[in-house]
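All remarks here apply to the structure that follows.
The values are calculated or read from the model by the stated rules, or taken from the named source; none is laboratory data. Nothing here was measured: the structure is a model prediction, and the numbers come from that model. Virtual Cβ from ideal backbone geometry, glycine too; neighbours counted across all protein chains shown.
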Amino acid sequence: MRAGAVYRIDAPGKLARILTKPDVEHPNGIQISPDDRTLYLVENNGAPGGTRVIRRYELQPDGTVRNGRVHYTFSPGRGADGMSIDTQGNLYASAGLNHLRGTSETLDIKAGIHVISPEGKLLKFYPIPEDFVTNNTFSGADMKTLYVTAGKTLYKVRTEIAGLPR
């Protein structure tokens, strides 16, 4: 298993480690809430018993975090990879599988974009027909176009809420 940590870049050449084991297992994606008060972290460990969640932390003015807790879980399915956020603080997580791939991950989480509220509730699901959904980002003049990478394909999804360019 790979070791994991989360770092903050304070200035060119100046790193500060803000999270490490045992607080995080396999960090994979990160996002900051629109008000800069919450840090969301994807944990995606496909190993048997591995953590597959989005964690939520209170982001302090000095860049440290505290009060970490599970915000949303994908276990026993494939956890999230990339993650974007909209102007209302909803997360757009690329997660799930359409076909088994010989890991401990199950088909309980379908491949697509899982829209998760700031309260940790699934609001909407945009299915993606191809495995493996990896990353997503908002773009366009109105920031309501979500581009999604999956396998060898780039998908385009229109959303109701504008995304943040983070």
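Take the residues in the stretch 136-166 that are under 20 Å from Leu41 (Cα atoms) and at pLDDT below 95; name whichever of them is nearest to the chain's Cα centre (by Cα).
Arg166
Could you grab me the full set of residues in the stretch 63-107 that are at pLDDT below 95, charged (D, E, K, R) and either surrounded by fewer than 19 Cβ atoms within 10 Å (Cβ to Cβ) or within 20 Å of Leu164 (Cα to Cα) (or both)?
If the condition is that a residue be at pLDDT below 95, charged (D, E, K, R) and either surrounded by fewer than 19 Cβ atoms within 10 Å (Cβ to Cβ) or within 20 Å of Leu164 (Cα to Cα) (or both), then Asp81, Arg101 are the ones that fit.
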